[in-house]
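Read through the structure below, which is laid out as structure tokens, and then see the notes.
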Amino acid sequence: MITRSLVALIIALCPVVAKAQDFDVSGAIDVRGGQYFDIARQIWEWAEVGYQETRSAGLLMKTLEEEGFVIRAGVAGIPTAFVAEYGTGAPVIGILAEYDALPGLSQAAIAQREPVAEGAAGHACGHHLFGAASVAAAVAVKEFLSRRDGHGTIRLYGTPAEEGGAGKVYMVREGLFDDVDAVLHWHPSDRTDASPMTNLANRSAKFRFYGRSTHAAGAPDRGRSALDGVEAMNLMVNMMREHVPQETRIHYVITHGGLAPNVVPDFSEVYYYVRNPSAAALLEIFSRIIRAAEGAALGTGTTMDYEIIHGIHSVLPNEVLSRALYANLQALGGVKYSAEELSFAQAIRSTLNSPDLELGSEEQIQPYEPKSDMTSTDVGDVSYAAPTAGFDAATWVPGTAAHSWQAVAAGGMSIGSKGLTLAAKALAMTAVDLYRDAAVLAAAKAEFEHRRGPDFTYEPLVGDREPPLDYRK
């Protein structure tokens, strides 16, 4: 727990971070808001999945290079990862940018289900907005630094493959965050909320079974079904669900089950995600799943191997930075829909199943309340490398779930654009506050060290594997 003295310091600093700045970063973003949504919209149209975001990363790098940032491309062994930097010396403020899409969620920017291309990818988590807004914020901060006496560095991290590829983990493992004083990030959502939040650690793997093919009717006794191995594993893991901590989440898809019913499959594959708030508990549960796979292979006369695809830690909150973000979001306010956007929102609402937010909530900043979440993100590993905080901004119609076609639709039109602008302003304003007041950074660092603990040693849950650049292929 945070000590009382640290809480008092956090509260005392709240008015400080809300002060007006000499340079109007908010106004600078307004001037070029249309340009940044054009960038987001282009990335939305490309909809490149994890580790394949060549054009998306290239566009963001080109935009930053034209603004005078020094670019390091292809960092941490990942062709689509990059670091862009402007300024000199400390403090170093990092801003995260994501830009990967999700497979199979193509959708036009209209209020009814209509894929742009059947089976193609779509930005159902809004990472096109994420990347463009973060770049907008970094450019505005650059303009502030160029007018400022003294040192300071703004660093934008281009982080690919957040959706199951754990791009940030390899960047943390490479030491790219070791000299950062604070890291800020945001995420598209159906609401605006800067409450500090933790979530679930996560590990995934592909389990591959190998059998012996034969004619399924003419000589079934000669075969050994790899699909039987997968199904036996799944059966045992499903029985295991009763005997794991209730906050655990386990999900899987069979990615290869065979090619024809009359051929006993000699190869089959199942792709598992396992989540728990505790990395230690996660690893123990994961070891039980491996044993289930080994037992399934033994019982079906097949062989099995597995490949760890990704592993990420839960997020370590930082209330000092969260309150700084919250103060600026309160000063900015939420977003307000035009008549056309309201009509679009109402049409989207008619397609939602029991939305938990009412129309109009997009205009509000949600109350500040520390919470936990059942999702996972590779931001978690960053949060153990440096003081880190983020927020959600309303880019979708209230009540919309992430990873849905409704999120893709709103993110491709002006509702998404308004959320992008709000997010960019909050990021830039908070970064400027941190440059202007060393006490806030000192408090954030103190909280970070306290939460992380004196004996903490970072161990990536991916181990020493190389980035899985082909995991979406």
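Structure above, values below:
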{"quantity": "Residue order, fewest to most beta carbons within 10 Å, for Thr159, Thr214", "calculated": "Thr214, Thr159"}
{"quantity": "Equivalent ellipsoid semi-axes, the range 201-312, via Cα gyration tensor eigenvalues times 5, rooted, Å", "calculated": "29, 12, 10"}
{"quantity": "Helical mean residue ellipticity (222 nm; -39500 (n - 2.57) per DSSP H run of 4+; nearest 500) of the chain", "calculated": "-12500 deg cm²/dmol"}
{"quantity": "Residues of the range 338-375 with amide N under 20 Å of a point placed 7 Å along Cα→Cβ from Glu114", "calculated": "340-352"}
{"quantity": "Approximate spin-label separation Ala401-Ser287, in nm, with each point projected 7 Å along Cα-to-Cβ", "calculated": "3.4 nm"}
{"quantity": "Simple Cβ-charge dipole of the range 114-236, Lys/Arg +1 and Asp/Glu -1, about Cα centre, in debye nearest 20", "calculated": "420 debye"}
{"quantity": "Exposure proxy order (Cβ contacts within 10 Å, fewest to most) of Arg148, Arg224, Arg241, Arg203", "calculated": "Arg241, Arg148, Arg224, Arg203"}
{"quantity": "Neighbour-count ranking [beta-carbon atoms within 10 angstrom, fewest first] of Met171, Met239", "calculated": "Met239, Met171"}
{"quantity": "Unit charges at the beta carbon, dipole of the chain: most positive-side option, Ala136, Ser372, Leu441", "calculated": "Ser372"}
{"quantity": "Electrostatic dipole magnitude of the chain [Cβ: Lys, Arg +1; Asp, Glu -1; Cα centre; debye, to 20]", "calculated": "320 debye"}
{"quantity": "Extension gain, Gln35 back to Lys336 (0.36 nm per residue minus Cα-Cα distance, nm)", "calculated": "106.3 nm"}
{"quantity": "Folded to 0 to 90 degrees: helix 414-436 orientation relative to the chain principal axis, Cα", "calculated": "60 degrees"}
{"quantity": "Principal-axis tilt of helix 339-349 within the chain, Cα atoms, nearest 10 degrees", "calculated": "30 degrees"}
{"quantity": "Local net charge near Glu319, Cβ-Cβ under 11 Å (Lys/Arg +1, Asp/Glu -1)", "calculated": "+1"}
{"quantity": "Formal net charge of residues neighbouring Ala182 (Cβ-Cβ distance under 12 Å; K, R +1; D, E -1)", "calculated": "-3"}
{"quantity": "Listed residue (Leu359, Gly412, His450) projecting farthest to the positive dipole end of the range 349-451, Cβ model", "calculated": "Gly412"}
{"quantity": "Residues His450 and Glu242, FRET efficiency given R0 of 41 Å [Cβ-Cβ distance, rounded to 0.05]", "calculated": "0.65"}
{"quantity": "Test item: Cα-centred dipole of the range 111-152, Lys/Arg +1 and Asp/Glu -1 on Cβ, debye", "calculated": "200 debye"}
{"quantity": "Burial ranking of peptide ranges 275-285, 26-36 (average Cβ count within 10 Å, highest at the top)", "calculated": "275-285, 26-36"}
{"quantity": "Cut-off 15 Å between beta-carbons: net charge of the residues surrounding Val244, Lys and Arg +1, Asp and Glu -1", "calculated": "+3"}
{"quantity": "Cross-link pairs Lys62/Lys336; Lys168/Lys473; Lys142/Lys371; Lys371/Lys473 - those with Cα-Cα distance over 27 Å", "calculated": "Lys62/Lys336; Lys142/Lys371; Lys371/Lys473"}
{"quantity": "Listed peptides 64-72, 290-298 by packing density, highest first (mean Cβ within 10 Å)", "calculated": "290-298, 64-72"}
{"quantity": "Partner aspartates and glutamates for Lys445 [C-alpha distance under 14 Å; skip if fewer than 8 residues away on the same chain]", "calculated": "Asp178, Asp179, Asp181, Glu319, Asp437"}
{"quantity": "Relative contact order for the chain, counting Cα pairs under 8 Å that sit 6 or more residues apart, in percent", "calculated": "24 percent"}
{"quantity": "Among Met240, Val263, Ile308 - extreme Cα towards positive end, dipole of the range 201-312, charges at beta-carbon", "calculated": "Ile308"}
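Quick note: the coordinates plus some simple rules give every number you see, no bench work behind them. Everything numeric here is computed off the predicted structure, so don't read it as measured data. Reconstructed Cβ throughout: ideal geometry from the backbone, glycine too, with neighbour counts over all protein chains shown.
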